Structure formats: structure tokens, C-alpha cells
Amino acid sequence: MQAKESPQPLLLIDIDGVISLFGFSAGERPEGAFHAIDGIPHFLSTAAAENLLELVSVFDLVWCSGWEEKADEYLPHLLGLPKGLPCLSFEHPVGGGATVARAHGNAHWKIDAIDAHAGPERPLAWIDDAFNDACHEWAAARAGPTLLVRTAPETGLTRSETVRLTEWAGSLARARG
């Protein structure tokens, strides 16, 4: 289902490596806490949640993760994020397929669902920790403005990426006049 038209661009949000952090050393653990999500421990970043809350005013947020509907089931309650955000569903089997794809840096398995939701012209930014060449080629070929923002899985969505996203959304608003 294609997203409704809005004056705000879409912000597609991956979770693992953006909000659910990994790879940090025990002595440099970021602000946040471990939570069990369906019996699997996830370290959820408080800073990433605060940054997403700031971005709500300039973007229409959409979960773009193998978590699919589990994102809205768990994250609003645990991190104070808005409830009822749309989530993309993916054709491939989530789990083993997604895990293997992520391990090899392949985020391209999300592109068909993104296209179906956003359409070709809706401006969008996509935050993920696993882009590959196919993602960059797709973004460059889209008719609508498209920004890919890579995060480091040990820090997730930081202030730096939030400022970049806010400035990008502001430039689109100014261009619309």
C-alpha cells in the first residue's frame, strides 16, 4: 500500500544497528538498556530514541526493519516513541534470510517494499547500518529526493545523523516554498 501524500518526507527506520545497538565494547556501552524482545536480548539506545522523537516534527516515520510489526508492538512502550507508526512487510522470509543478508551488508531486500509504500516521487530518507551498491543505485535513480543515512551499529542514530536529516528535510521544505 502506497503512503498517503504529506508535505513531510518519509523517514524509513531500520532497527538493528540504528536503535538496537551491537558491537560496542563493555567499557564503552552507550546510554540505554537491554530488553528481551521475544526472548532475544536487544540493547536499545536511549539517544537514538530521543533523536527519533526530534525527527517526528519534520518526517513521517515508518519502520523499515525485519522486525516488521514487532517494532510498533515493543518500541513505543520501551522507548517512549510514537505508537501506531506504519511498518513495511517484506516478501522474503524474515529471520534466517534477513540475518544472512545483514551479515553480508545487503539491505537491498527492502527496496521493493519501500517502493510499494513510498511510490516513485515521495521524498524519503532511509536510516540503516547495511547499505550496499544496489541501495545507492536505487536511491540515485528515484524520481523523488532520496537520502541514505548509514549508522554505525555500535552507536546507532546519533546527534550527527539527526542534524543531517533535519537539515535535509528543511532544504526540501524551502525548495517547495
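The values are calculated or read from the model by the stated rules, or taken from the named source; none is laboratory data. Please read these numbers as outputs of a predicted model, since none were measured by experiment. Cβ atoms come from the backbone with ideal geometry, glycine included; neighbour counts cover every protein chain shown.
Does residue 62 meet the test of being of a type in the set (Val, Ile, Thr), at pLDDT 95 or above and not in a strand (DSSP E or B)?
Details: of a type in the set (Val, Ile, Thr): yes; at pLDDT 95 or above: yes; not in a strand (DSSP E or B): no.
No; evaluated as a whole, the condition is false for this residue.
For the stretch 8-17, check the following and say yes or no: at least one residue is more than 12 Å from the chain's Cα centre (by Cα) and either surrounded by fewer than 15 Cβ atoms within 10 Å (Cβ to Cβ) or of a type in the set (Val, Ile, Thr) (or both). Reasoning before the result, please.
Going residue by residue through the stretch 8-17, those that are more than 12 Å from the chain's Cα centre (by Cα) are 8-9.
In the following step, the residues that additionally are either surrounded by fewer than 15 Cβ atoms within 10 Å (Cβ to Cβ) or of a type in the set (Val, Ile, Thr) (or both) were identified as none.
Checking the stretch 8-17: not a single residue is more than 12 Å from the chain's Cα centre (by Cα) and either surrounded by fewer than 15 Cβ atoms within 10 Å (Cβ to Cβ) or of a type in the set (Val, Ile, Thr) (or both).
Consider residue 112 carefully, then state whether it is crowded, with 17+ Cβ neighbours inside 10 Å and at pLDDT 90 or above. Against the criterion (crowded, with 17+ Cβ neighbours inside 10 Å and at pLDDT 90 or above), residue 112 does not qualify.
Checked against (1) closer than 17 Å to residue 7 by Cβ; (2) touching a Ser or Thr at 6+ places or on another chain (Cβ under 9 Å), residue 165 passes all but condition (2).
Taken over the stretch 43-85, the criterion of being in contact with a Gly (Cβ under 9 Å, 6 or more places away or on another chain), of a type in the set (Ser, Thr, Tyr) and surrounded by 18 or more Cβ atoms within 10 Å (Cβ to Cβ) is satisfied by 45 alone.
Which number in (1) at pLDDT below 95; (2) outside any helix (DSSP H, G or I) marks the one condition that residue 100 misses? It is condition (2) that residue 100 fails. The set of residues in the stretch 142-177 being among the small types (Gly, Ala, Ser), part of a helix (DSSP H, G or I) and modelled with pLDDT under 95 consists of 173, 175.
Quick one: which residue in 82, 86, 123 is within 17 Å of residue 8 (Cα to Cα), out of contact with any Pro (no Cβ under 6 Å at 6 or more places or on another chain), of a type outside the set (Lys, Arg) and modelled with pLDDT of 95 or more? Even if it seems obvious, please write down each step before you answer.
Working: 82 fails: modelled with pLDDT of 95 or more; 123 fails: out of contact with any Pro (no Cβ under 6 Å at 6 or more places or on another chain).
Going through 82, 86, 123 in turn, the sole match is 86.
Residue count for the stretch 116-140, restricted to those that are under 18 Å from residue 59 (Cβ atoms), surrounded by fewer than 20 Cβ atoms within 10 Å (Cβ to Cβ) and not hydrophobic (A, V, I, L, M, F, W, C): 2. Is there a residue being under 18 Å from residue 74 (Cα atoms) and hydrophobic (A, V, I, L, M, F, W, C) anywhere in the stretch 23-32? For the stretch 23-32, residues under 18 Å from residue 74 (Cα atoms) and hydrophobic (A, V, I, L, M, F, W, C): absent. Within the stretch 24-42, at least one residue is out of contact with any helix residue (DSSP H, G or I) (no Cβ under 6 Å at 6 or more places or on another chain) and crowded, with 20+ Cβ neighbours inside 10 Å.
Report, by residue number, each residue of the stretch 129-162 that is in contact with a Ser or Thr (Cβ under 7 Å, 6 or more places away or on another chain) and under 21 Å from residue 8 (Cα atoms). Show your work before the answer.
The first filter runs over the stretch 129-162 and keeps only residues in contact with a Ser or Thr (Cβ under 7 Å, 6 or more places away or on another chain), leaving 129, 139, 156-157, 161.
Scanning the stretch 129-162 gives 139, 157, 161.
Residues in the stretch 45-58 that are over 15 Å from residue 158 (Cβ atoms) and in contact with a helix residue (DSSP H, G or I) (Cβ under 6 Å, 6 or more places away or on another chain): 58 only.
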